[in-house]
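The values are calculated or read from the model by the stated rules, or taken from the named source; none is laboratory data. Please read all numbers here as calculations on a predicted model, not as lab measurements. Virtual Cβ from ideal backbone geometry, glycine too; neighbours counted across all protein chains shown.
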């Protein structure tokens, strides 16, 4: 029991660090929200949400990687690679209570701190500070999503590849090349060529 409590405390300590990027929140300020949260663990290659299912959880990754992708006639399109500190969910499904059009899958063993949809609404109704934090998180998520979309339109492929790899060097070891290429909207053969050029530098 003691080990379990220690792990939970470490998860919530890490959660606090991540949340402080969005708003000024103290350890004492986080404490009332803890009963609304749960720690979830999953093995590698586990489907968290499948197409057609309703996503019931808002998640932040404490450890590991979760991939969000959509099948298409030309193959799987990777929409998000959520690593430590990132939120992930099937947004439309979660907020509209509709069947998901995307799939969430773990690429590594994962630890998540999660909040169920109903519990989130209870927390928002009970604690105004929680609602303000939720708004700040959603706003930043949309800003980041738009920025990534426009970067893919404006930035040349080679530059986009180099910027991503320079800022996320560990991802070449953590994520299969085909998935990284899909996420960066780069053809697999182009990604492979750019990777070889990088290795020669």
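The set of residues from region 131-143 being in contact (Cβ under 8 Å) with a residue 12 or more places away in the chain and under 20 Å from the mean Cα position of the chain (by Cα) comprises 133, 134, 136, 137, 140, 141. Evaluated against (1) closer than 16 Å to residue 57 by Cα; (2) loosely packed, with under 13 Cβ neighbours inside 10 Å; (3) touching a helix residue (DSSP H, G or I) at 6+ places or on another chain (Cβ under 9 Å), residue 118 falls short on exactly one condition, (3). Taking region 51-78 as the range and being in contact with a strand residue (DSSP E or B) (Cβ under 8 Å, 6 or more places away or on another chain) and free of Cβ contacts under 8 Å to residues at least 40 places away in the same chain as the test, the residues that pass are 68, 70, 71. In this structure, is residue 115 closer than 24 Å to residue 40 by Cα and not in a helix (DSSP H, G or I)? Yes, satisfied. Which count do you get for residues in region 1-31 that are exposed (fewer than 10 other Cβ atoms within 10 Å of the Cβ), at pLDDT 85 or above and under 14 Å from residue 111 (Cβ atoms)? Final tally of qualifying residues: 0.
On the stretch given as region 100-114, residues that are under 21 Å from residue 168 (Cβ atoms) and crowded, with 16+ Cβ neighbours inside 10 Å total 8. Among the residues making up region 143-168, those that are under 20 Å from residue 66 (Cβ atoms) and either modelled with pLDDT of 80 or more or surrounded by 14 or more Cβ atoms within 10 Å (Cβ to Cβ) (or both) are 148, 164, 167, 168. Across region 169-187, the number of residues qualifying as assigned to a helix (DSSP H, G or I) and surrounded by 11 or more Cβ atoms within 10 Å (Cβ to Cβ) comes to 10. For region 61-99, filtering for residues that are assigned to a strand (DSSP E or B), more than 14 Å from the chain's Cα centre (by Cα) and surrounded by 20 or more Cβ atoms within 10 Å (Cβ to Cβ) leaves 0.
Filtered by the rule that a residue be crowded, with 16+ Cβ neighbours inside 10 Å and touching a helix residue (DSSP H, G or I) at 6+ places or on another chain (Cβ under 9 Å), region 41-60 gives 49, 55, 56, 57, 58, 60.
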